[in-house]
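Visitor: Just dropping this structure here.
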């Protein structure tokens with residue numbers, strides 16, 4: 001018969017294993033692809049490429065994690081990235097300076113966040129439907145501004161240095177991502193505001209009985225998520241140097257896949273910033289490695305889908321244990 005002390009130690013070990021599961025899988029994937037493609041995969045150049053290609057997705061994952069913390073969906077994340085990137089590129093092409101473009105782009109992102117909050121909190125529309133409609137609206141505006149063509153004229157060369165400069169061999173974008181991740185983690189995990197967000201997401205009725213103004217915190221979450229998405233839109237322009245109307249359309253679903261996968265580790269059964277970021281890295285490493293070993297073009301998509309399904313099943317199992 002297992003003693004109480006031994007049982008407690010076993011539970012602690014199991015909990016630690018679950019918390020570190022994504023990190024362990026990430027390390028195993030890196031090791032596997034490094035063995036299979038030692039001349040290409042385990043190189044600083046490849047990891048720099050992964051960061052450059054997936055950096056915007058990291059910010060999108062953080063943005064959706066903020067709104068998921070209050071138990072709301074924001075499907076306009078990709079739309080915000082797209083409209084901010086398109087608007088910034090269009091303004092540069094019209095001769096506006098960065099001193100005008102960047103504040104306008106951030107203000108536009110916050111305006112979309114405010115619109116989402118009005119529709120969800122004020123009008124009582126389900127966040128899934130409201131933000132999906134807003135995303136479609138933003139896609140239409142982006143197409144209107146671009147006319148279906150790529151925008152690249154007037155984008156300053158120095159803007160690329162914000163994300164493309166190498167420091168110790170690592171793109172400066174990596175340091176920006178690290179700063180945003182740390183700031184988001186501190187906000188959600190270490191401040192009273194973050195505790196209020198988590199309490200709102202855990203149970204709105206119970207939170208209100210304890211005196212929390214949950215509507216205010218939902219509004220704050222939508223604004224914060226849109227702010228991060230707006231930053232992602234600006235960095236998209238810096239990273240690519242050209243913008244098309246569909247610039248942000250491919251970020252929303254992968255961001256949610258990362259957020260749900262991230263909720264299975266680090267802080268299980270809870271959407272968390274570090275978990276989302278590690279999940280993006282895991283999916284990116286998996287996709288990059290599969291491509292390098294010559295997997296068919298459809299395999300990375302199946303890999304991502306399987307990872308999301310695993311996250312959903314595993315999250316359900318974790319909740320059944322608590």
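We did not get these values from a lab; they are worked out from the coordinates using the rules stated. What you see is a predicted model, and the numbers here were worked out from it, not measured in a lab. Note: ideal-geometry Cβ built from the backbone for every residue, glycine included; neighbour counts use all protein chains shown.
Visitor: Under 10 Å, Cα contacts only: if you run a Gaussian network model on the chain, which one of 143, 16, 68 comes out with the highest mean-square fluctuation?
Guide: Comparing 143, 16, 68 in the GNM, the peak value goes to 16.
Visitor: At a Förster distance of 45 Å, what's the computed FRET efficiency of residue 158 paired with residue 11, Cβ-Cβ distance as r, to 0.05?
Guide: My answer for the efficiency is 0.25.
Visitor: Okay, moving on. Would you mind classifying the chain by shape? Square roots of the alpha carbon gyration tensor eigenvalues, ordered a ≥ b ≥ c; an a/c under 1.5 is rounded, otherwise it is prolate if a/b is larger than b/c and oblate if not.
Guide: oblate
Visitor: Using just the helices of the chain, give the 222 nm mean residue ellipticity in deg cm²/dmol: DSSP H runs with n ≥ 4 each add -39,500 (n - 2.57), and the total is spread over all residues, rounded to 500.
Guide: -25000 deg cm²/dmol
Visitor: Using the alpha-carbon centroid of each, what span in Å lies between region 259-322 and region 36-66?
Guide: Cα centroid of region 259-322 versus Cα centroid of region 36-66: 14 Å apart.
Visitor: What distance in nm separates the two pseudo spin-label positions at residue 209 and residue 136, each 7 Å out from Cα along the beta-carbon direction?
Guide: 3.9
Visitor: Continuing with the same structure: Tell me, in nm to one decimal, what length is gained between residue 295 and residue 24 on full extension, where the rule is 0.36 nm per residue of separation less the Cα-Cα distance? Walk me through the intermediate numbers first.
Guide: Numbers: separation 271, 0.36 × 271 = 97.56 nm, distance 2.30 nm.
Full extension of this stretch gives 95.3 nm more.
Visitor: How many angstrom lie between the Cα centre of region 200-231 and the Cα centre of region 117-188?
Guide: Here the two parts' Cα centres lie 21 Å apart.
Visitor: If you don't mind, there's one more thing I want to ask. Under 10 Å, Cα contacts only: if you run a Gaussian network model on the chain, which one of 242, 123, 61 comes out with the highest mean-square fluctuation?
Guide: Of 242, 123, 61, the most mobile in the Gaussian network model is 123.
Visitor: Next question, about the same structure. Please give the FRET efficiency for residue 104 paired with residue 126, using the beta carbon to beta carbon distance and R0 = 30 Å, rounded to the nearest 0.05.
Guide: 0.50
Visitor: Rounded, prolate or oblate, given the Cα gyration tensor of region 29-99, with a/c below 1.5 counting as rounded? Could you put the intermediate results ahead of the total?
Guide: Details: a/c = 4.14, a/b = 1.49, b/c = 2.79.
The shape class here is oblate.
Visitor: Turning to a different aspect of this structure: Which residue, 106, 62, 81, tops the fluctuation ranking in a GNM of the chain built on C-alpha contacts under 10 Å?
Guide: With Cα springs under 10 Å in the chain, the top fluctuation among 106, 62, 81 is at 106.
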